[in-house]
Structures are given as structure tokens and as C-alpha cells.
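The block underneath contains the structure these notes are about, expressed in C-alpha cells.
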Amino acid sequence: MTITKQDTDAVRALRGLEDGDSSVRLRAALAVGTAPDPRFVAALVRRCAIEPEFFVRDMLTWALTRHPVSSTLPALLDELRSDRPQARSQALHTLSKIGDRRAWPAITPELLSDTDDEVARSAWRTAVVLVPEGETAALAVELTAHLGRGGRETQLSLSQALVALGDVIEPLVGAAANAPEPRVRAHALATRRLLVDPDAGFELAIEAAKRVAVLDGPGQEGR
């Protein structure tokens with residue numbers, strides 16, 4: 001059996017993905033994406049699940065987007081069922097970059113409400129990218145149920161996802177602005193402000209909304 005230069009380069013790149021030096025892993029991911037080969041897909045997906053460096057994970061995702069969807073989609077969908085949160089999160093992130101709506105049925109309520117904040121945030125962003133026409137309103141209902149969840153980054157991610165859905169969220173965030181919980185009210189008010197003015201800073205919006213939510217209480221929005 002003849003071993004070609006392409007085979008040698010593939011072996012070198014696959015080994016590089018496992019190297020202890022992050023710069024080597026970065027170069028290997030770049031090489032894999034530059035010369036796509038179906039043999040790389042499983043290794044790229046596997047590395048995404050454990051790679052500690054953000055910039056390397058980003059290059060791994062780029063490399064996957066360079067491969068045929070017919071090769072990447074099944075592997076990524078399998079990762080959504082992984083017990084490892086990073087595997088689920090990175091698979092979702094990569095699916096959002098690929099943008100193939102055949103992945104939509106895999107964006108389940110369980111992923112949208114994942115107990116790991118990073119997974120949930122990735123699921124929200126991916127859902128907004130993949131949602132088919134006609135299902136936007138249902139997705140908006142699903143997402144508004146998470147208003148008030150988590151810290152600043154999680155709340156910002158949810159607000160951005162909701163705003164990306166457009167005016168369909170207006171009655172939903174309006175109702176949430178009258179919720180009994182101050183955190184939910186504040187998050188809903190900040191999201192509404194971003195919907196009206198996308199350039200408004202989230203920090204200012206959320207702080208102003210918190211004051212309104214605490215001082216006015218439920219039932220006072222629009223007073």
C-alpha cells in the first residue's frame with residue numbers, strides 16, 4: 001500500500017490536534033480546515049469537547065465548517081446527547097455557524113433549558129439561527145420562560161436571542177415585565193429597551209430596569 005504525502009500530512013495534523021502546546025493545536029486545526037478531508041471530522045468534533053483554549057475551539061469550529069455538511073451534521077447531532085457540557089455547547093455553536101436548518105429538530109426544549117448556562121446560551125443562539133419560518137412565535141415563548149435566569153452574560157445572551165426574533169417578542173416581554181419576581185421584571189424591561197433601541201448598552205438597560213422593577217413592583221409597567 002502506497003502512503004501518499006496527503007496521508008502523511010493528515011496523520012501529522014491529527015497528531016497536532018492532540019499536542020500539549022495550544023499553538024501547535026491551533027496550527028493543526030488551521031491545516032485541517034485549509035485541506036478538508038472527511039477523515040478529520042471525528043477528530044475535530046472529539047477535540048471540540050475537551051479543548052480548553054477558546055481561540056483553538058474557534059479554529060476547530062471553523063475547520064468543521066469547511067467540511068461537507070453531510071459529514072459534519074451527523075457527528076454534531078450525536079454530540080448534543082453527550083454527558084459533557086462543553087461537547088454539547090461546542091456542537092451547538094458549530095451548528096449555528098453551519099446554519100443548516102435540518103438540525104432544527106435537534107434543538108430540543110431540554111437543550112434550551114439545559115442546567116449548564118453555557119450550553120443553554122449556545123442553544124438560544126443556535127435556535128435563533130435555525131428556527132424555521134412559522135415557528136418563531138413558539139420559540140419566543142420558549143425563550144421568554146428563561147427571563148431572569150443566571151448572571152449578566154447569561155441574561156445578555158437571552159436578551160440578544162430574543163431581540164433577534166423581532167417584534168414577536170413584544171407581548172411576551174410585556175407580560176413578563178409584570179411578573180412577581182423582580183429579576184424577571186428587570187430582565188424583561190431591559191430586553192424591551194434593547195428591542196426598541198438595539199444600540200442601547202445592556203448594562204445601563206438592566207440597571208435602569210432593576211430600579212423600575214424594584215420600585216414599581218408588578219403591575220406597574222407602562223404606568
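Derived from the Cα gyration tensor, the three semi-axes of the equivalent ellipsoid of the chain are 41, 17, 13 Å, largest first. Considering helices alone, the calculated mean residue ellipticity of the chain at 222 nm is -20500 deg cm²/dmol, with DSSP H runs of length four and up weighted by -39500 (n - 2.57) and normalised per residue.
Of the two radii for the range 1-130, the radius of gyration is 1.00 times the Kirkwood radius, both from the alpha carbons; that is the Rg over Rh value.
When the chain is described by a simple charge dipole with +1 on each Lys and Arg Cβ and -1 on each Asp and Glu Cβ, the residue from Val41, Pro171, Ser157 located farthest towards its positive end is Val41. In the neighborhood of Ser22, defined by Cβ-to-Cβ distances under 9 Å, what is the net charge if each Lys or Arg adds +1 and each Asp or Glu adds -1? Around Ser22, the surrounding residues sum to -3.
For the range 39-64 versus the range 124-185, the spacing of their alpha-carbon centroids is 29 Å.
Only the coordinates and a few stated rules stand behind these numbers; no lab work does. Fair warning: this is a prediction, and the values are worked out from it, not measured in the lab. Glycine also receives a Cβ, built like all others from the backbone with ideal geometry; neighbour counts cover every protein chain displayed.
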